[in-house]
Every structure is written in C-alpha cells, then in structure tokens.
Amino acid sequence: STSPISCSLAQPVTPELLVSPSSQDGDLGSECPEDRGNWTGRLDFLLSCIGYCVGLGNVWRFPYRAYTNGGGAFLVPYFIMLAICGIPIFFMELSLGQFSSLGPLAVWKISPLFKGVGMGTILIVSLVAIYYNMIIAYVLFYLFASLTSNLPWQHCGNWWNTDLCLDHHVIKAGNTTFPINITNTVSPSEEYWSRYVLHIQGSSGIGDPGRIRWNLCLCLLLSWTIVYLCILKGVKSSGKVVYFTATFPYLILVMLLIRGVTLEGAWKGIRFYLTPQFDHLLSSKVWIEAALQIFYSLGVGFGGLLTFASYNTFHQNIYRDTFIVTLGNAITSILAGFAIFSVLGYMSQELGVPVNQVAKAGPGLAFVVYPQAMTMLPLSPFWSFLFFFMLLTLGLDSQFAFMETIVTAVTDEFPYYLRPKKASFSAVICITLFLMGLILTTEGGMYWLVLLDDYSAGFGLMVVVISTCLVVTRVYGMKRFCRDIHMMLGFKPGPYFRACWMVLSPATMMALLVYNIVKYQPSEYGSYRFPTWAEILGILMGVFSCLMIPVGMVVAVLQEEGTLWERVRQASRPTMDWGPSLEENRTGMYVASLAGSQSPKPLMVHMRKYGGITSYENTAIEVDREMEEEEESIM
C-alpha cells in the first residue's frame, strides 16, 4: 500500500482493460518520486497536534487576556468562539490534509486558481518561524542563567543596574519606619532583562540596531540546531520527539500549579483571575479578543495542521482527534492561568502592591515578572529552571510544526528533486531563517521582534483562512467536501459543521478582520513608539501575504487556454489527479481520474482488485449510487 499510484504501472499488472501499449514501457519506474512516508506510531499525530497547539501563548497570552476581559466571564465568549470558529476550521484543515496527503501548497490541486492562498500561508509561517525561534533563544539564555546557586536577577548592584533599581529583599529586611516610594523604581529582574540580556540601551530605536549580542546569537544558533536535529528525518524523527516535548510541559505545569497554590496570598491572584465581571460581555472587544485567542492558540491557517494530517493513513479518525486537541488546548490555557496568577498573588502580597500592577502579558511576563517571583521562593534556581524548561518544550514543538510545514510544502511541489534530499533541503531552510533572524540578536533586536510579532500573522492570516473556507465551501462545493469526508471517515459531517463552514466561521472572521483594520493601533514597546516607516514595513508584511492570492490567480489563468471566462472556470476546478494519494482509497468519482486506471464501472473493478467489501466499500457503493442519481436528476 505504500507505493505511490504512478508507480503501480512499473510492476507488470494484468490490465483490467487493454491499457495503451505506451503506458506499459518500464521507464516510468525511474520517474517515481520517493515515498512520502507516514507517522510511525499511533500517538505520533495526536501528540504532534497537541504540541503544536499548546504553545507559549497558552502561558503568557491567555491568563492575561482572561483577566483584562472580565475574568471568569471571559470563558463564555472563549468557548462560544471555540465552537464557532475554532473546532470547525480545525476539522476542515485536518480533513483537507488527510484526504489529499499533500502539503499546504500542493493541496491547492483542489482549485488551482487559489494556489496563492498556499503561497501566502508559507510566507506567514516563514516570518513567524524567524521570530518564534528567537523567543526560544531567550528561553535558553534564561535556562542557562538559572544554573547557579543565586539567580543573577535577584539583587541590584551588578554592572548593568542603575540607581532606580530597588531590591524587594531590602524593603522586607529594612525597618519600614520611613515610607519608600515604589512608583518610579525598577525591579532587578526588569533591568536584567532589558539592560543585560537585551542590552537595549545600546540602541536608540528600530532604525539603529547596534551591535550583535554574541551570547544571544549563540543561543539562537543552538535553538536552530535543536530544531534541525529534530526535523532531520521529517515526521519520522519529530513524531518521536513530541512524545517528550508534548507531555513534559504538563508535568511541570502541575508542579508549578501545586507550588503556586500553596503560597500565601495565592488566593488573591486567583480571585483576580477568575472573578467574573459579566458587564464586559456587552462590549465587542471581549468577543474579538476571545476569537483572536482561539484563532492563534489553535494555529489554524498556519498550515501546520494540514501538514500533520497529510502524513496520516486515509481512514484515521480525525473527528475524534479534533475534539481531543481543541478541548485539551482550552483546558491547558485555563490551568496555566491558575499557575501564573497564584504566583502573581503571592508576589503582590510580598511587594504590598495590588495584583493588577504586577500582571503583564507576553515576554514581560515570562522574562520579567515570573523570574522575579521565582527569586522570592526558597530553592529559587530550581523553580526558575523548571519554568524555563517548560517554556522551552512548549515552544519547540510549535517550531517543529512551522518548519515541517515549510519543508513539506516545497518538497510536495517538487517531489522528484527534493524528496530524496529532504535532510539537506531542511538544513538550507534552517540556515536561511537563522541568518534572517540575526537582526533579532542585536541590541535593538527586541524592536524588530515586536514588529514581526504584531504584523506578520495579523490580517494576512485572517485573509488566508477566510479564503480557504470560502473556496472549499463555495468553489469546490460543500456537497463534494462532505462526500470526501464520508469516504474517509464513513460518515458525513453534521448540520453543526456545515452551518459553521458555510456561514458562521467566515462571518466571524470577517468581523475580526474588519475590527482589526478599524481599531488599528500602531505598535509600541514600553514607551517607545515605532517610526512611520517601521509601521509601513509591518503593514506591508501583511499585505504581501494577501497579494500572493491575486498573483496566484494570474499565473493559474495564464496556464489555461480559451477565453478569459473559460480559463477561470477551468482553473477553479480540481485537477485530474486531485483525490486520495493511494489507488486503493480512490473510490467513486476518483477512480478513473488517475493515469493508467481506465476502468468501466469504477467500483466493481475496485472490489475485484482489492478483495471483499469492507465498510468503506459500502460507503463507496453509496457514494456511487448518489452520484448516479444526481447525474440523472441533472439530465
């Protein structure tokens, strides 16, 4: 079953009908692309998806988003948005990948006119992969820094500290007869991050990056090396690494959770995190935030899900996997919130300031607030090491997915040349992205990282997902798509999925897109405002990935012949070889469409060739009958 279709001609087969003599000459065997490969273990796919979806955002974005948008009440829009545009699009992406066994570029055989959508995806993923690995490099830096008896960000008085630095240990030890004004002081962990790790004082802004920080550069090199070694053999190697990187964060999260909840003052933070403020639900902002959180957290539209599903066997139950991954992801986010906010509550009690003054999101939480909280605990280097090790394993498997997506997309476009050389091709991509990421290791690198983070996967990603949704339901046709899923899983998607695909998901994402454009705010980092040219550069990143779509259309139309309208119609139809990749899975309408399989009554030949009737053959008989009825009704 592993040999690709076109190769079945090379072995001598008894032709069902007389095959034209030309197709029997043996030189086809040499043209056969190397086998694509599959997941090797049963859990490889599921764990890869969990590892991909559960990333840094679950720890540093979700808890803060929940607390700023109505605490516990935020869970209402969160789960509604999960049902409307999380689960359905997740399932759609997995179905497309598994049905065709193709990467995010080649999958557009479904409608070659829209291949630009795939090109846009690859562009977005490449930009994200560049800066995501820089965040992993920061994590590695802190991981190594935690291997000491005293954490370096514990006290003031190092060469990088300024006069504003105020050590909380001093406040607690000293007599508190004279009041200390905390408002314009800085914690040692904040100065460690900005003045030592980033050395941001060496740069005046985004246009003046300054010198390369060699220790950060080495960390970036190390993180790229780790990623490369893990995706060296494609899903065969990364599918084994995820057994560790997808499960280990949960172990550490539970440890941090237990440690956090047992601290005094922990309930302060948790109360802050979960007190529901239902008046927030009336504002549109909360619903938009919930949808954005779902959108980025599940990684829809990045092509990672499609890529992973394309290495599945044809009848894998992705319906079940969809619910396991999406709900597991939501529960992880909520758990992480407890682990983060219990520690923030303890910290606010120690410092004597309200929780909302210590709460932060993004890199600020991971590299400033949480490390500072760690210094207040006994055994602080141990907890610090654990926390950063958790961030490392969370980040790595998401990065595997980004890389796997880029490599798979390109090798599926040129299977003859690139598939045998997949390892060296992966190396080329890793080195290229490492070199492009070098600007992030400079003293002003953080400004570039914020720019990439804000703009690379913004509205471009929304446009890509909306287009995919519309092409599959409107151009390819809802009926055909449901029939394909029926072929794979043995049942048709219910009314809930159909309603979401047709109306609810695209409408929700259109609303997101409009909101994003209307409420546009220029990027900032702390008090630094980005210059206009940087903003334009950021916007161009998004526009460029959208522009891929019309470019792809022009190319597709030029390849057809006839009048313009004929060309467009022809280019929007699936290609002849669209469908399951293995011949034994091509039933119904897909049978006669492959080179060399000319057969009179598709299904009967199919059964003669592959033996008895299984439940999937029954499905195929039904599908055939449906199609005949449809054709008759059209006549």
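The values are calculated or read from the model by the stated rules, or taken from the named source; none is laboratory data. Small disclaimer: the values here were computed from a predicted structure and weren't measured. Don't worry about glycine lacking a Cβ; one is built from the backbone with ideal geometry, like all the others, and counts go over all protein chains shown. Surface areas here come from the heavy atoms of the whole protein model, side chains and all, with no ligands, DNA or RNA. Shrake-Rupley method; radii C 1.70, N 1.55, O 1.52, S 1.80 Å.
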Hey, with R₀ at 45 Å, roughly what FRET efficiency would residue 499 and residue 575 work out to, going by the Cβ-Cβ distance, to 0.05? 0.95
Paramagnetic reach from residue 215 in segment 143-171 [backbone N under 16 Å; point 7 Å along Cα→Cβ]: 143-162
222 nm mean residue ellipticity, helices alone, for the chain (DSSP H n ≥ 4; -39,500 (n - 2.57); rounded to 500): -18500 deg cm²/dmol
Angle between the Cα long axis of helix 87-100 and the longest principal axis of the chain, 0 to 90 degrees, nearest 10? 40 degrees
For residue 442, residues with placed amide H under 5 Å, excluding near neighbours: 213
Using a 1.4 angstrom probe on heavy atoms only, work out the carbon and sulfur share of the accessible area of segment 480-561 in %. 70 percent
If 519, 240 are ordered by their accessible area, calculated over protein heavy atoms with a 1.4 Å probe, which sequence runs from highest to lowest? 519, 240
Rounded to the nearest 10 degrees, the helix 505-518 long axis (Cα) sits at an angle to the longest Cα principal axis of the chain of 40 degrees
Distance in nm between label sites at residue 554 and residue 382, each 7 Å beyond Cα in the beta-carbon direction? 6.3 nm
Given a cut-off of 30 Å, name the pairs among 360/422; 492/519; 115/492; 240/421; 115/422; 285/360 whose C-alpha atoms lie farther apart than that in the structure shown. 360/422; 492/519
I'd like the carbon and sulfur percentage of the solvent accessible area for segment 216-308, probe radius 1.4 Å, heavy atoms only, ligands and nucleic acids excluded. 76 percent
Acute angle (nearest 10 degrees) that the helix 532-559 long axis makes with the longest principal axis of the chain, alpha-carbon atoms: 0 degrees
Nearby aspartates and glutamates by direct alpha-carbon distance to residue 236 (threshold 16 angstrom, same-chain neighbours under 8 apart not counted): 34, 35, 44, 397, 404
Relative contact order of the chain, defined on C-alpha pairs under 8 angstrom at six or more residues apart (%): 30 percent
Under 20 Å from the 7 Å Cα→Cβ point of residue 80, by amide nitrogen: which residues of segment 494-537? 496-516
How far is it, in nm, from the label point at residue 169 to the one at residue 529 when both lie 7 Å from their Cα along the line to the Cβ? 4.1 nm
Among 215-228, 410-423, how do they line up from the highest to the lowest mean number of other beta-carbon atoms within 10 Å? 215-228, 410-423
Cα-centred dipole magnitude for the chain, charges only on beta-carbon of K, R (+1) and D, E (-1), debye, nearest 20: 940 debye
Points 7 angstrom from Cα along the Cβ direction at residue 109 and residue 327: gap in nanometres? 3.5 nm
Taking loop as defined by DSSP and a crowding limit of 14 other beta carbons within 10 Å, which chymotrypsin sites (Phe, Trp or Tyr not before Pro) in segment 332-379 fit? none
Expressed in nm to one decimal, what extension gain is obtained for the pair residue 248 and residue 149 from 0.36 nm per residue of sequence separation less their Cα-Cα distance? 33.2 nm
Note to self: with every protein chain in place and a 1.4 Å probe, the chain gives an accessible area per residue in Å² of 42 Å²
